[in-house]
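See structure below.
Values in this text are rule-based calculations from the coordinates and carry no lab data. Predicted model, so just to flag it, every value in this text is computed and none were measured. With ideal geometry, Cβ positions are generated from the backbone for all residues, glycine too; neighbour counts draw on all protein chains shown.
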Amino acid sequence: MHASPGDNPDLYSIDGFRQRAQQRLNSHGNWVGGDHLLNPDFAYSADQERKLRDAAVLILAVNHGPDARIVLTQRTAHLRSHAGQIALPGGKIDKEDNGPIAAALREAQEEVGLDPACVNTIGPMGTYMTGSGYKVVPILATASTELKLTPNPDEVEDVFEVPLSFLMNPQNHLTHSREFAGKQRFFYAMPYEDRYIWGVTAGILRCLYNTVYA
């Protein structure tokens, strides 16, 4: 059953988010989500999983009173992959990174100038496998104060925030489709104002809902 503010007035505050996330992460274990949930032919064998490139993204809930906001970016139009799309801060895990949390924080600092000292990490939320060849670890975290973020113009066109209550409302989780490589592919989409949140980003946010708020 979908959690509603009537059940808990602090449901979408960063304290409510942190409390629910900590409880649910302990009980859900190391789940695996991915593009294959809507496209069964994306299912991976164990050998294929080992060939996926490791990446990490930051799901950062920022304090805005009773309704926290999630930080998202819009990628620049000149990037070689996923140009112009809405994304969570993050990227590939480098050999120098001390695991997914360090990678997500490093990438967020490089992309939008996020000071790691402002971040309170909750922990990793399983793994999300993408059709484009990545095994992504979403890192849940909070920030207790409003952030002053500056997009890196080489990678990020804009940085913005979306209310947690909007993203965690299943009525806003649409299923859209497009033709890719001659096949119809299905994906989640969460249009917000003039932003079109879709694909892997929307898929990861849907997994956040399934894990923490469903």
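Report, for the chain, the % of DSSP beta bridges that are antiparallel, rounded to 5.
Expressed as a percentage, antiparallel bridges in the chain total about 65.
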**Request:** List the relative contact order of the chain as a percent without decimals, with contacts defined as Cα pairs under 8 Å and 6+ residues apart.
**Result:** 26
**Asked** Of the peptides 101-108, 115-122, 194-201, how do they stack up when ordered by the mean number of other Cβ atoms within 10 Å, highest first?
**Response** 101-108, 194-201, 115-122
**Contour minus Cα-Cα distance for VAL32 and SER144 (0.36 nm per residue)** = 37.4 nm
**Extension gain from THR175 to ASP67, taking 0.36 nm per residue of separation minus the Cα-Cα distance** = 36.4 nm
